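Visitor: This structure is in structure tokens; I'll ask about it shortly.
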Amino acid sequence: MFLIERLRRFWNSAFFSPEPALNLAFARLIFAAHALWVLLSRDLPANSALPAEFWQGVDRSDLWRYLIFPGHADVESILQGVAVITLLLATLGVMARTACFLSALLLYHLAPLETIYWTPNPFQRGFTVDVLCLFTLSCSRCADALRLGGSPPTAPSADYCWPLRLVQLHLAQVYLLSGTSKLVLAGVQWLDPANLRAWFLVFAEQDQVRRLGPFFNTVGPWIAEHWLLCLTAALYGVAANLCFIAVPFSRLARRLLVPDAFFFHVMVLLSLNIFWINTPQLLVYVNWHWLVGRLKEKLAAADERVNVRA
Amino acid sequence: MGVVKAVLVLGFVGLGLIATHLPRTEGSRRRLINLYIGYTLALGLGAGLPVFEVWPFSTWPLVAGRVAQTVTQPRVVAVGADGQEYPIDYRAWEPFVFEELIAWYDKHFARLDRAAQDQVGAFLLGVIEHNRQQWAVGKPVIHFERYLGPLSTPLFLGHPQHWTQGAGVPSRPFRGLRFYSESWNVEERWRDPSKVSRKLTYEYREP
């Protein structure tokens, strides 16, 4: 009973504590703007016009799952245009809940176009977390702040807490599952320094997968030459991934692991040439209410000093 | 299976809508929100932990396997009228993302009959040659940078920009494509970059 009571308290504290409206509104802004950024950087409708040979190996049930009917690039272009509009509305906070819902629905359909001809799982192309978060935000009062033509309510509420915590969890799960998938697919042997060395070398050897610049293609091979660094990278990578699930629930974890995640992505970019498209979404862990309050205080203090001098 | 996955995602969407729109009392609302959160967490972990995707509840197997001793990768080159081979700038494949195309080639191309393979070859050559012509006259159309220019989202993996660096855009038309399968031992190639074996797996020549 004691354990159940403690779990109940933890659950209520995690999901139903008073939370400022501003933090949830920033979550809406971050995920809608991120989805818009990725959508405007791809040409998803064009894939609908691929020749029939590309669709031969696609499972029919996957086409139904995403309501994809090949050969309708014009329709897909219209849907993409609608998605751009709904994402803009969500970003601005205009009819935000409806806009978030429609955006998520349209992205659920559009995103798989990028990969459907060889895999129905378009993860790590930029939209996966956005779709989850936009659906969740559409169920919340996500436009009580940061919206056109309105002012934020002053009272924090549990209504702003559970959706924010859930979208933070959608992102934190990415790190957790990235860690567990290594252990599930390769076992503890994934941590073998020889395996890490091979990963660094194989990325450095592929001239077709390379970013040009003085910072790239040197860090990975350098780490690969040091057994202890490979072991450290393996342990650090998996441990940091697994621990990240604590971030939505712990201020200490947020302060340590969010900057650490940013550092991790920079290292991955430099050593493996992999750009983590979700990196800007880490901003959802910032306490914007506190940050904006501090900035206002500092500005007010600066104004006061100017007035005194005058 | 795809339909089952769609139903599971529909459950996530539907429960969220029900939890926030239907309840008339605070108590029933809280219970439904708890159910929604529980369902979402269970689906996320249920899909992720056994590595069984129900996109957008994904499994995120990033750099997750063990590297085989011998690595195999495809390489595609363009062929001129004189038979000379040219590297292809990754942006010339757009609207394909290069690694998606390569993944499709690896998984499905060999299962097509020769006529279908040639249809694909002709289509891909058309994409590449059309882009080459635009680049050659100084009017490149980079699909992915149409709206945001250099501020566009970078691709997951980086690729060399063959047509804006080094020899630049080939001036003569492409007449064919060659698909190679390249294999190498990771340690051997690291010591000697020339230790790569290459096998022609498919060639398309314009009729």
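Visitor: Using the structure shown, decide if B:Pro74 is in the same structural domain as B:Arg146 (by TED's automatic domain parsing) and assigned to a strand (DSSP E or B).
Guide: Answer is yes for this residue.
Visitor: Here is a further query. Could you grab me the full set of residues in the stretch A:101-144 that are among the basic types (Lys, Arg) and facing chain B (nearest Cβ under 8 Å)?
Guide: Result: A:Arg125, single match.
Visitor: Picking from A:Asp130, A:Asp144, which residue would you name as being acidic (Asp, Glu), in contact with a Leu (Cβ under 8 Å, 6 or more places away or on another chain) and assigned to a loop (DSSP other than H, G, I, E, B)?
Guide: Every option except A:Asp144 fails the conditions.
Visitor: Report, by residue number, each residue of the stretch A:252-310 that is within 25 Å of A:Leu22 (Cα to Cα), of a type in the set (Phe, Trp, Tyr) and under 14 Å from the mean Cα position of the chain (by Cα).
Guide: Matches in the stretch A:252-310: A:Phe262, A:Tyr285.
Visitor: Something else now. Could you say whether any residue in the stretch B:113-123 is more than 7 Å from chain A (Cβ to nearest Cβ), surrounded by fewer than 14 Cβ atoms within 10 Å (Cβ to Cβ) and assigned to a helix (DSSP H, G or I)?
Guide: yes
Visitor: Do you know which residues across the stretch B:47-62 are surrounded by 14 or more Cβ atoms within 10 Å (Cβ to Cβ) and not β-branched (Val, Ile, Thr)?
Guide: Residues satisfying the conditions are B:Ala47, B:Gly48, B:Leu49, B:Glu53, B:Trp55, B:Pro56, B:Phe57, B:Ser58, B:Trp60, B:Pro61, B:Leu62.
Visitor: OK, next. Which one is nearest to the other protein chains (Cβ to nearest Cβ) among residues in the stretch B:166-207 that are aliphatic (A, V, I, L, M) and not in a loop (DSSP other than H, G, I, E, B)?
Guide: Checking each candidate, the answer is B:Val186.
Visitor: Based on what the data block shows, is B:Phe52 over 30 Å from B:Arg132 (Cα atoms) and not in a helix (DSSP H, G or I)?
Guide: So B:Phe52 fits the description; yes.
Visitor: Within the stretch A:76-101, how many residues turn out to be more than 13 Å from A:Asp144 (Cα to Cα) and of a type in the set (Gly, Ala, Ser)?
Guide: So the answer is 4.
The values are calculated or read from the model by the stated rules, or taken from the named source; none is laboratory data. Keep in mind it's a predicted model, so treat the numbers as computed, not measured. When we count neighbours, we look across all protein chains shown, and the Cβ atoms used for this are built from the backbone with ideal geometry, even at glycine.
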